[in-house]
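Have a look at the structure below before the remarks.
Each value in this text was obtained by applying a stated rule to the coordinates, not by laboratory testing. Predicted model only: the values in this text are computed from it and were never measured. Ideal geometry is used to build each Cβ from the backbone, glycine not excepted, and the neighbour counts take in all protein chains shown.
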Amino acid sequence: MIREKLVQKEIGARADFRWRSHDISRIEGLSDAVFAFAVTLLVVSLEVPKTFTELAATMRGFGAFATSFALLFIIWFNQYKFFRRYGLQDNLTVCLNGALLFVVLFYVYPLKFLFSYLINVLTGGHGEVRLPNGNFELMVEGNQMATLMVIFGVGYVAVFSVFILLHLHAYHKRTKLALNELELFDTRNSIQESGLNCCIAVLSICLAVFGGRYSGLSGPAYMLTAIVLTVNGTIMGRRRRALEKLAASDAPALNQ
């Protein structure tokens, strides 16, 4: 299992954030199976192409598959780090993890469809798909693009809302988990990062629904993610380093 190999090599670990679980729980085993099934659903075709035309059509779907796979991997890796850091397996954690898996499975096809369309357009296509009868049909017509962005945005908000709730739950159990100041800071930062992702998705949804002639900006709005998270990471990184210095200066005093 990939998760076991990552745990053995301590991938994703930080020296100043103690892992509270090194064993793979049944919750994580189920999660891996669901994520694997979701990736399987992303595959363009389970059959080997019989002609070069079929091979070319399959290769055209690679970009959408790669992008969708990358997003699923980010979600999986964030979930992996959560269970390593906090090791929670109570009822609320199980329910929230189940909600995350439900959203992942439900949004596999909308996710792949959206990126198939976007990559088709960005690579010089007309956003068309070839039907079995040989005719071409537009993948998205009229105001359907706005609806598609709303669907994607709702799923995006749902995923990061679950991560907010998971980390809030861990924060509420900070005494039981014996989280130190740096671990509490990282937990709050994880909540903040997920909240910022939700805000960007809500902005995109608002542009799609109420933007009028600016509704076309609902997609590019997600480009703010890199900017916003970079600025947040820079600011929070400075604060964390200051906290590290404070903790280091307090340690000798406590030992005296």
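Brief remarks follow.
- GNM result for the chain, Cα springs below 10 Å: residue of Asp90, Asp32, Asp23 fluctuating most strongly: Asp90
- Cα lying deepest toward the dipole's positive end in segment 1-116, options Thr51, Ala99, Phe37, charges on Cβ: Ala99
- Among Val162, Val43, Val231, the largest mean-square fluctuation in a Gaussian network model of the chain (Cα springs under 10 Å) belongs to Val231.
- Segment 149-204: radius of gyration over Cα atoms, expressed as a fraction of 2.2 N^0.38 Å: 1.29
- Nearest-ten-degree value, helix 144-172 long axis tilted from longest Cα axis of the chain: 20 degrees
- Between the listed residues Leu166, Ala70, Ala221, the Cα displaced farthest toward the positive end of the dipole of the chain, a dipole computed from Cβ unit charges relative to the Cα centre, is found at Leu166.
- Diffusion of the chain by Stokes-Einstein, at 25 °C in a medium of 0.890 mPa s and with Rh set to the Kirkwood radius over alpha-carbon pairs, works out to 118 µm²/s.
- q = 0.11, 0.23 Å⁻¹: log10 I(q)/I(0) that the Debye formula gives for segment 48-175, counting C-alpha atoms only: -0.53, -1.37
- Viscosity 0.890 mPa s, 25 °C: Kirkwood-radius Stokes-Einstein D of segment 177-243 over Cα pairs, µm²/s: 182 µm²/s
- Nearest 10 degrees, 0 to 90: helix 108-122 Cα axis against the chain principal axis: 60 degrees
- Globularity index of segment 7-88 is 1.47 (Cα radius of gyration / 2.2 N^0.38 Å, N = number of residues).
- Segment 102-256 - charge dipole about Cα centre, Lys and Arg +1 at Cβ, Asp and Glu -1, debye rounded to 20: 400 debye
- Distant-in-sequence amide H partners of Arg14 (H built 1.01 Å from N, under 5 Å): none
- Placed amide H near Glu128: partners under 5 Å, 5+ positions off or other chain: Met139
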